[in-house]
Amino acid sequence: METKIIDNHPTLKNSDERFRKILQSLVDSFRIEGIHFSDEELKNIVGRVEGEIKK
């Protein structure tokens with residue numbers, strides 16, 4: 001399935017772009033629920049996610 005998605009959306013071949021879109025969708029989901037993050041909180045979240053991915 002991932003191959004089909006990437007074939008249909010060539011910009012998603014770039015892992016940085018995929019990562020950015022995943023984070024943006026998570027932030028948007030929280031906003032829908034009325035939860036807003038400060039810039040500092042978002043930087044902290046991104047750092048923690050990147051750290052977990054690298055493990």
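The values are calculated or read from the model by the stated rules, or taken from the named source; none is laboratory data. Small disclaimer: the values here were computed from a predicted structure and weren't measured. Cβ: placed from backbone, ideal geometry, glycine included. Neighbour counts: every protein chain shown. Surface areas here come from the heavy atoms of the whole protein model, side chains and all, with no ligands, DNA or RNA. Shrake-Rupley method; radii C 1.70, N 1.55, O 1.52, S 1.80 Å.
Look through the range 41-51, keep the residues that are within 16 Å of LEU26 (Cα to Cα) and not β-branched (Val, Ile, Thr), and return whichever of them is modelled with the lowest pLDDT. If we take residues in the range 41-51 being within 16 Å of LEU26 (Cα to Cα) and not β-branched (Val, Ile, Thr), then GLU50 is modelled with the lowest pLDDT.
Of all the residues in the range 34-55, those that are in a loop (DSSP other than H, G, I, E, B) and surrounded by fewer than 11 Cβ atoms within 10 Å (Cβ to Cβ) number 5. Restricting the range 12-33 to residues that are of a type in the set (Val, Ile, Thr) and open to solvent by 90 Å² or more (accessible area, probe 1.4 Å) leaves a set whose member that is modelled with the lowest pLDDT is ILE22.
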